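Structure, as structure tokens:
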Amino acid sequence: MTRPQILVGMALVACIPHSVEAMPASFITHATGLHKPHNLHRHFGGQCRSDAVCKPIRSPSSLKLQSSGAAGGDAQRNIRQEPLSSSRFQSLMQRGIQISLGAALIFAFERSIFLLGRYLGQRIPSAPVGMLLVFLILLSIHAFNPDASHRLTQWFEPSLLFYNKGVPLFFSPPLVQLPLSLGAIPFLSSAKLLLVILSGTVVSMILTGLATNFLVSNSPHEERPKVVLDPDDKETLIQPLEKVAPKTSPVLKAAMVMTVVSAIIQSDFLFLISFSIAALQFGKTFSPEIRTFLPAIITCSALTSSMVCALGWLRLDGNWVAALQAYKTSSGGILGGTGVGDVTFALAAPAIVALGFRLYEQRYLLKRNIIPMLGGSAITAVLSVAFTALASKLIRLPSELGLSLVTRFVTLPMAVPIVESVGANLGIAALAVCLQGILGATFGTKLLDLVGVRDTIARGVAMGGTSHALGTASVASSEPKISPPSAVTFLLSGSFMVAFMQVTFIRNFVVALFA
């Protein structure tokens, strides 16, 4: 595979945010915030709650044409449409450049941290470190010039949406290669693995909710008066599942066309990139009820894995194993490898770095509830390790599988350095992350209702700490008030886990628990 092919492939991936209709089925992917309605109107043509807040901006030429009436027939209509089409094209070009530049800056920032760790001979988790650095940089700017930090966040907003919408695609490569891992696991061990995930989700959700509820009731929190039109007061950090991408989505149609074209020119690399984007958009067309237990990342991964295996049968004389191995090589380099999966997975860590902007937008929420949110995040991290070790010992789960389940409550890019440091299986870890997210999204609020956890902060901490982005997305519309603390918590709990596992003593102790 040549360098131009890699660049073309990444350019195809960059087309994701240009479809306004294609909203994500889940996050991880996804944790992003929505603008206030006036900002949605300004950027995407969304509807405002009040005309006094935001009205459509019309150019002088369009106002003049409208005031002149409908006289003039087709010629008049052509004159009216021409400046609008030109203006829209120019706006799209400017927006495309802004998205590309912002996304490239975030990617370069994350890769710089990664390369610095390699130069120093240290294993630096670039995703959480980059996210926290972005958060601290924005706080520092805000301390001296609040308007400057706000303008900077607004400028990066389109690039943040790009990373948000591509999260299922960026996180999918380990799941695409999952058949390589599952084939070597006996059926009994698979059943034990599912048992640990199911029981761990229930225990973590209940105990984290009860512990955080106790912390909330016994810690004072600072109230901040509500400010009308305050851009930092996000109602939700995760876009809800109710938004269904239409089956006629421009991205879906464009990806299908590119899939056909790349098949004709026999470029497997571009074919798999285009097919993966089409599979992602197809997964977003399902109803919210279906996507609760079948999120877009599962649909995208399953379809892409099937296509890779099919190509192996056709091109490599039935050797689908070699095709899956070539999909993500992890051979090193700036992107981590030269396979299609290496290219897409290289964007997963920058997607986490981009969440530093969202964490900054929720700084007042974190300040008001610092004790319960930090305490709940730490409890989730410790509880996950302790329960997984105990359950694995009781049912005699192989140590490699047990270690692969330790990070099931951590979003995938944060889990990667932990999995690598303890010698666990990345494919199994990715599967555990998705399964726990699905279980938490499906049964989380019911479990919290059952044990009487009613406090908004406690419910958000339990959902985010246990089922990360998938759980947060599931409650973004049903219980929007718990979505922000849920999103902040899964970022904090993942950061805690990564920080703990960087300490040699703690890492060796955790490995010894499963030996």
For this session: Using the structure shown, decide if residue 421 is surrounded by 24 or more Cβ atoms within 10 Å (Cβ to Cβ) and in the same structural domain as residue 476 (by the TED database).
Result: no
Seminar exercise, completed: The one condition residue 194 fails out of (1) under 21 Å from residue 470 (Cβ atoms); (2) modelled with pLDDT under 90 is (2)
Exercise. Any residue in the stretch 120-130 that is part of a helix (DSSP H, G or I), more than 26 Å from residue 275 (Cβ to Cβ) and open to solvent by 40 Å² or more (accessible area, probe 1.4 Å)?
Worked result: yes
For this session: Could you please let me know if residue 117 is without any contact (Cβ under 8 Å) to a residue 24 or more places away in the chain and surrounded by 13 or more Cβ atoms within 10 Å (Cβ to Cβ)?
Result: yes
Problem set entry | The listed residue being under 30 Å from residue 312 (Cβ atoms), outside any helix (DSSP H, G or I) and free of Cβ contacts under 8 Å to residues at least 12 places away in the same chain, out of 191, 184 | 184
Exercise. Residue 483: open to solvent by 10 Å² or more (accessible area, probe 1.4 Å), within 18 Å of the chain's Cα centre (by Cα), at pLDDT below 85 and closer than 21 Å to residue 454 by Cα, yes or no?
Worked result: no
For this session: Output yes when any residue across the stretch 227-247 is open to solvent by 30 Å² or more (accessible area, probe 1.4 Å) and either over 26 Å from residue 164 (Cβ atoms) or at pLDDT 90 or above (or both), and no when none is.
Result: yes
Seminar exercise, completed: Listed by first then second residue, the pairs whose first member lies in the stretch 482-496 and is among the small types (Gly, Ala, Ser), whose partner is open to solvent by 10 Å² or more (accessible area, probe 1.4 Å) and part of a helix (DSSP H, G or I), with beta carbons under 7 Å and at least 6 positions apart or on separate chains, are 495/132
Exercise. Somewhere in the stretch 292-307, is a residue assigned to a loop (DSSP other than H, G, I, E, B) and open to solvent by 20 Å² or more (accessible area, probe 1.4 Å)?
Worked result: yes
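Residue by residue, here is whether (1) under 30 Å from residue 302 (Cα atoms); (2) assigned to a helix (DSSP H, G or I); (3) charged (D, E, K, R); (4) at pLDDT 85 or above holds:
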residue	(1), (2), (3), (4)
408	yes, no, yes, yes
431	yes, yes, no, yes
437	yes, yes, no, yes
440	yes, yes, no, yes
446	yes, yes, yes, yes
454	no, no, yes, yes
458	no, yes, no, yes
473	yes, yes, no, no
489	yes, yes, no, yes
For this session: Give 124, 137, 197, 141 a once-over and let me know the one that is among the β-branched types (Val, Ile, Thr), over 30 Å from residue 364 (Cβ atoms) and in the same structural domain as residue 409 (by the TED database).
Result: 197
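Yes/no per residue for (1) more than 13 Å from residue 208 (Cα to Cα); (2) hydrophobic (A, V, I, L, M, F, W, C); (3) open to solvent by 20 Å² or more (accessible area, probe 1.4 Å):
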{"position": "435", "(1), (2), (3)": "yes, yes, yes"}
{"position": "448", "(1), (2), (3)": "no, yes, no"}
{"position": "475", "(1), (2), (3)": "yes, yes, no"}
{"position": "504", "(1), (2), (3)": "yes, no, yes"}
Exercise. Residue 397 versus (1) more than 24 Å from the chain's Cα centre (by Cα); (2) in contact (Cβ under 8 Å) with a residue 40 or more places away in the chain; (3) part of a helix (DSSP H, G or I): which is the lone unmet condition?
Worked result: (3)
Problem set entry | Meets criteria (in the same structural domain as residue 488 (by the TED database), open to solvent by 40 Å² or more (accessible area, probe 1.4 Å) and not hydroxyl-bearing (Ser, Thr, Tyr)) for residue 370 | yes
Seminar exercise, completed: Taking first residues from the stretch 300-319 that are touching a residue at least 60 places away in the same chain (Cβ under 8 Å) and second residues anywhere that are open to solvent by 70 Å² or more (accessible area, probe 1.4 Å), the pairs with Cβ under 9 Å that are 6 or more apart or on different chains are 300/282; 308/320; 309/320
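The values are calculated or read from the model by the stated rules, or taken from the named source; none is laboratory data. Bear in mind the structure is a predicted one, so any value in this text is a computation, not a measurement. Quick reminder, even Gly has a Cβ in these numbers, built from the backbone with ideal geometry, and neighbours come from all protein chains shown. All accessible areas refer to the heavy atoms of the entire protein, side chains included, with ligands and DNA or RNA removed. Shrake-Rupley method; radii C 1.70, N 1.55, O 1.52, S 1.80 Å.
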